[in-house]
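Report on the structure given below.
Read-outs: derived from the displayed coordinates by stated rules, not from any lab. Note that this is a predicted model, so its numbers are computed, not measured. So basically every Cβ, Gly included, is an ideal-geometry build from the backbone, and we count neighbours across all protein chains shown.
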Amino acid sequence: MANEAHTATRQVVESLREKVQGPIEAWLDICAHCGLCADSCHAYVGTGDVEHIPSARAQQLEKVYKRYHTKLGQLAPRLVGAEELDEEVLDRLQKMAYQCTLCRRCTLYCPFGIDNASIVGVIRALLAEAGRVPAGLQEHTDTAYEKGNTLGISEDEFLDRVEWFEEELQDAVEDEEAEIPLDREGAKVLFVPTPIQIMRFPTVIISAAKIFYAVGEDWTMSTKRFDATNFGLFSGDAEKTRVMAERLVDEMERLGAQVLALTECGHSYWAMKYGAETWLGNALPFEVKNIVEMIAEYASQGRLKLDPSVNRDVVTYHDPCNLGRKGGLIEEPRAALKAAVENFVEMTPGAEQTWCCGGGGGMIAIPDYEEVRLASGSPKVEQIRRSGAEVVATACDNCKLQLLDLAEHYDLDVSVVGVVDLVADALILDEDRD
Amino acid sequence: MSYWFAWVVSNVLPFITATVFFGGLAYRVVRWRRIPRASVSLVVLPGSRSVGQTLREIVTEVVTFRRVFKGSKVLWVVSWLFHLSIFVFVLGHLRLFIDFTWLWKLLRLTAEQVDLFGFAGGGASGTVFMLGLMALLVRRLRMPVRSLSVPGDYFLLLLLLGIAISGNYMRFLMHIELEPYRAFFSNLFHLRLGVPVENMIFVLHFLLVQVFLIYFPFSKLVHVIGGVLTLKWTLR
């Protein structure tokens, strides 16, 4: 037993050397402990726990790295503040890494642009190798890896749900021919939802189908791959991350689609648009788009007719970190919303500087972290309150689940909806469609 | 005893300092430029920036400390003035090595005016630098920054405080004629062993500066070059 633990630690120590290189090492070297990141981090601001200061996370990794991979750290660990990787340190690293949502807000406030999300990504990778992924997140990752989706939905269940979605679509557009195409080879667009949407937020899929119907998009869904998420990325498991990305790439190839249209989901967009290339070792032979990006395109091409007067409530938009700050989709969701609602207000600070909801990075899947998660969301709650919005629109399941929890916990009187839902509600369908 | 001490600080240590400083920095940069073997995706803040825009952002950042301003106005005032004072007195110290006679001619300044100018600039920057260090030290001693601080952080501030105090002492409480110093540095640059300047405060100041330069590549001071390099990565 002790031997096994020893072997695990040795593996982590070895892989530290591989992972703390280049930019990561530079970031650990230059972080001057100025503490400017503290007030930029929702986890620290929300909990007041100094172990959540981004610089503290980097420092903890640096201490362990020094202990094993620098001469001074080996000879005089105390002098340079090097620390042995024992159970206590592993526990602290686990808390620091998985209670961080990887939102990259601190990167914007760091004078040197140190990327804490990459540093925490390295810590997560180490912990995943040591078998220290928190309960909940590990199970979701394993289910997704073994069964193809995070909730273990069978193909039959999926088909049942889609049948119902299709009926809803037909009612909504008053067209009995309207369909949700499945496994259609040669379709231009492959739309991939998330298991949570299939089971809990079905309107996202129905709304997307309605929008595709309205613009006459050449699209399909897959009966094999209906999970856009990448829980390997959350857990830090490099191999599973790669496999999960590869599955979507293979399915695109099988169906011969040109555009991978990812549903309202933050991290899957980042994973496929920016991560996959590195993990798979080559550029993807197709385009990766998020559904809000596609809606903005349809609107700018004049293919969508929208009547904003159906959405009269005051609406604000919560930027999922992976779409906005980390994904570069700032204008697109706003363009879609402004066309679909009458009263749009911004939160301050807005756009790329917006506060993280506190539920990302896989935290929502870890039951033990609920208390911290709710506390971490308090800057967001304040921000929503100040905006005076009645409706918070967003484009990510994680954010949505967290915002719903926050609304309940903090008595925040807002409804939480998807951007696609508001757009779909505002759709004007041509009577004389051919 | 004190003569030999001054002799070592003036004639031996500088060569060690220069070797460690430049060698250490080169070692750092070489390490930073390695590509991680693990497949970590380093796309940080994607956006369609041209090379020109990235460059402009970096220059703006270095000159104005925009990100610090965004985070804390008080810290911005302190750290911007602090770094500006460093810039000013580093420039001022060049007068130890060369006399910019052409510049004074161009500006039509007499020798007395140049000295007065030097006194004002050096005095102001030295004072701001010292006060800035104290402010940073106080900030470091308070939460939450205290929780992030390691012995090295305090060592650096105290070392710099020592440099500031000895420098300001010479500026305000001693009368310094530049000529012997210029002669000393000229010897040093021509790799000639020379007689140390007879000023123990200077020897102390020079020693602390060299300790600082030796420590530089192994300390958080590498942010001076690393900060610029990493901004480039983040903003690509």
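Of note:
- Degrees separating the helix A:87-98 axis from the principal Cα axis of chain A, which is the longest one: 30
- Efficiency of FRET between A:Glu239 and A:Ala283 - r from beta-carbon atoms, R0 22 angstrom, step 0.05: 0.55
- Cα-based radius of gyration for the stretch A:209-328, normalised by 2.2 N^0.38 Å, reads 1.17.
- When only alpha carbons of the stretch B:169-236 are considered, Rg and Dmax amount to 17.6, 53 Å.
- Beta-bridge orientation, the protein assembly as shown: approximately 5 percent antiparallel, per DSSP, counting only bridges with both partners inside.
- Spatial offset of the stretch B:110-139 relative to the stretch A:241-257 amounts to 63 Å, using the alpha carbon center of each.
- Counting neighbouring beta carbons within 10 Å and listing from fewest to most, the residues B:Ile225, A:Ile384 come out as B:Ile225, A:Ile384.
- A full extension of the chain between A:Asp218 and A:Asp175 corresponds to an added length of 13.8 nm, given 0.36 nm per residue minus the alpha carbon distance.
- Extreme residue, positive dipole direction of the protein assembly as shown, given options B:Gly123, A:Pro367, B:Leu81 (C-beta unit charges): B:Gly123
- Its Cα centre serving as origin, the stretch B:44-155 has a Cβ charge dipole (Lys and Arg +1, Asp and Glu -1) of approximately 540 debye.
- Estimated D of the protein assembly as shown in µm² per second, where Rh is the Kirkwood radius over Cα pairs and Stokes-Einstein applies at 10 °C, 1.306 mPa s: 57
- The stretch B:120-169, Cα convex hull volume normalised per residue, Å³: 56
- Between A:Glu14 and B:Tyr154, the FRET efficiency estimated from the beta carbon spacing at R0 = 35 angstrom works out to 0.55.
- In units of the compact-protein estimate 2.2 N^0.38 Å, the stretch A:117-260 shows a Cα radius of gyration of 1.16.
- Semi-axes of the equivalent ellipsoid for the stretch A:282-431, Cα gyration tensor, largest first, Å: 26, 20, 13
- Between helix A:54-69 and chain A: long-axis angle, C-alpha atoms, 0 to 90°, nearest 10: 50
- Once the chain from B:Ser186 to B:Tyr3 is taken as fully extended at 0.36 nm per residue, the excess over their C-alpha distance is 63.9 nm.
- Inter-site label distance for B:Val195 and B:Val59 at 7 Å from Cα along Cβ, in nm: 4.9
- Ranked list, fewest to most other Cβ atoms within 10 Å of each Cβ, for B:Thr101, A:Thr394, B:Thr54: B:Thr101, B:Thr54, A:Thr394
- Relative to the longest principal axis of the Cα atoms of chain A, helix A:238-255 runs at roughly 20 degrees.
- Axial C-alpha extent at least 27 Å, average Kyte-Doolittle at least -0.5 - helices from chain B (DSSP): B:13-32, B:73-93, B:111-141, B:151-173
- Rounded to the nearest 20, the Cβ-based charge dipole of the stretch A:2-132 about its Cα centre (Lys and Arg +1, Asp and Glu -1) stands at 220 debye.
- Stretch in chain A that is longest and holds no GluC sites (Glu not before Pro) that DSSP places in a loop and that have at most 11 other beta carbons within 10 Å: A:186-430
- Which of B:Trp102, B:Trp76, A:Trp355 has the fewest Cβ neighbours within 10 Å, and the rest in rising order: B:Trp102, B:Trp76, A:Trp355
- Based on every Cα atom in the stretch A:57-152, Rg and the maximum pairwise Cα distance Dmax equal 15.8, 51 Å.
- Size of charge dipole - the stretch A:308-426 - debye, nearest 20, with Cβ of Lys, Arg +1 and Asp, Glu -1, no other charges: 340
- Semi-axis lengths, largest first, of the ellipsoid equivalent to the stretch A:339-381 are 26, 12, 9 Å, with √(5λ) applied to each eigenvalue of the Cα gyration tensor.
- Counted residue by residue at 0.36 nm each, then reduced by the alpha carbon distance between them, the extension gain from B:Arg33 to B:Met174 reaches 46.1 nm.
- Rg/Rh (Cα only; Kirkwood hydrodynamic radius) as it applies to the stretch A:2-132: 0.96
- Helix content alone sets the calculated 222 nm mean residue ellipticity of chain A: runs of n ≥ 4 DSSP H residues at -39500 (n - 2.57) each, divided across all residues, give -15500 deg cm²/dmol.
- The helix-based estimate of mean residue ellipticity at 222 nm for chain B, built from -39,500 (n - 2.57) per DSSP H run of four or more residues and divided by its residue count, is -24000 deg cm²/dmol to the nearest 500.
- For A:Glu253 and A:Trp164, a Förster radius of 30 Å and the Cβ-Cβ distance give a FRET efficiency of 0.55, rounded to the nearest 0.05.
- Placing pseudo-labels 7 Å out from each Cα toward the beta carbon at B:Phe15 and A:Ile428 gives an inter-label distance of 8.6 nm.
- Each pair of Cα atoms in chain B enters the Kirkwood radius, and Stokes-Einstein at 20 °C and 1.002 mPa s then converts it into a translational diffusion coefficient of 104 µm²/s.
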